[in-house]
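The values are calculated or read from the model by the stated rules, or taken from the named source; none is laboratory data. Worth saying up front: this structure is predicted, and the values here are computed from it rather than measured. Please note: Cβ atoms are built from the backbone with ideal geometry, for glycine as well, and neighbour counts cover all protein chains shown.
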Amino acid sequence: MLKKTLLLLCIFISLPLWAHECWIACQKYLYAVGDTLKISLHVGENFEPERWKGKIKWLKHIAGRQEKDLLPLLDTATSSLACPLTEEGTNCIALQSYPKSIRLEAEKFTSYLKEDGLEDVLAWREKNNEQNKEGTEIYERCNKTLFQVGKKRTNAHKKIVGFPLEIILLQNPYNQPTNLSAKLLFQGKPLPNHLLKVWHREAGKTTLQDLKTNEKGILSFERKKTGNYMLSAVKMIAHDKPAEAQWHSYWANLTFGTERIL
């Protein structure tokens, strides 16, 4: 009985792919100068959140040309923080996690690769007859959220913070454009023909689009006037220390919106 319980526990621990979206959630996305920003860190699919308690390498608030370290303000027990907003404009919160390792049995690893469009890794495993081998992986989170303070629009949406994998919006979402374009960068260069997921949440309902970047690493999608958005992508490469893990992945995420959610 004990062995069976331990086996089930191990299987449960090895299933992050069923809830591996991780995002920065604002209490709301539209503020006035003098308001207090409240954010929390979530993990889960379809905007259905649980608290995320990963280890954070750095956490910054970007407003205009100002950058503030928010890590000292983070309540690690609740994965949340609050800070006053003093500057009008479009703001960004950016977070990068420390690397973490996971191990998945072959079938679950293959499902994860298919779900996130990692066709090059699937092809490599097939070519090298490793379809039936478990997957060992080091992964990092590269998360951003955009919110608006007052009426002034600034260019935080275009800010490249230097993540290994990073999603950049080419238009300010708070200008209410009918279409938005996003660029996906890997190691600072455009990532072509790569899957990027666009989630939209409004009135308790979530929709998902699986889109691919063009040869310049860019894709476009219709932007509804209301609701909250989450963009996510995963890039996986061979890990440079095979004794630790075979693969190294980077999970990028970007959120923005209009609805109060916390």
Which of the residues that make up region 132-188 are hydroxyl-bearing (S, T, Y) and under 17 Å from M230 (Cβ atoms)? T145, Y174, S181
Could you list, in sequence order, all residues of region 194-210 that are aliphatic (A, V, I, L, M) and either crowded, with 16+ Cβ neighbours inside 10 Å or touching a Cys at 6+ places or on another chain (Cβ under 6 Å) (or both)? L195, L196, V198
Odd one out for E140 among (1) more than 25 Å from R65 (Cβ to Cβ); (2) crowded, with 16+ Cβ neighbours inside 10 Å; (3) without any contact (Cβ under 8 Å) to a residue 60 or more places away in the chain: (3)
Flag for L70 being within 24 Å of M230 (Cβ to Cβ), among the aliphatic types (A, V, I, L, M) and in contact with an Asp or Glu (Cβ under 8 Å, 6 or more places away or on another chain): no
Return the residues of region 219-262 that are surrounded by fewer than 16 Cβ atoms within 10 Å (Cβ to Cβ), within 20 Å of N193 (Cα to Cα) and among the β-branched types (V, I, T); say none if nothing qualifies. I237
Lone unmet requirement of (1) farther than 27 Å from P99 by Cβ; (2) modelled with pLDDT under 95; (3) assigned to a loop (DSSP other than H, G, I, E, B) for N129: (2)
Reported set for region 190-206 where residues are at pLDDT below 95 and among the polar types (S, T, N, Q) is T206
Out of region 83-109, which residues are in contact with a Leu (Cβ under 7 Å, 6 or more places away or on another chain) and over 22 Å from K152 (Cα atoms)? L95, K108
Of (1) part of a helix (DSSP H, G or I); (2) surrounded by 14 or more Cβ atoms within 10 Å (Cβ to Cβ); (3) hydrophobic (A, V, I, L, M, F, W, C), A123 satisfies all except one. Which? (2)
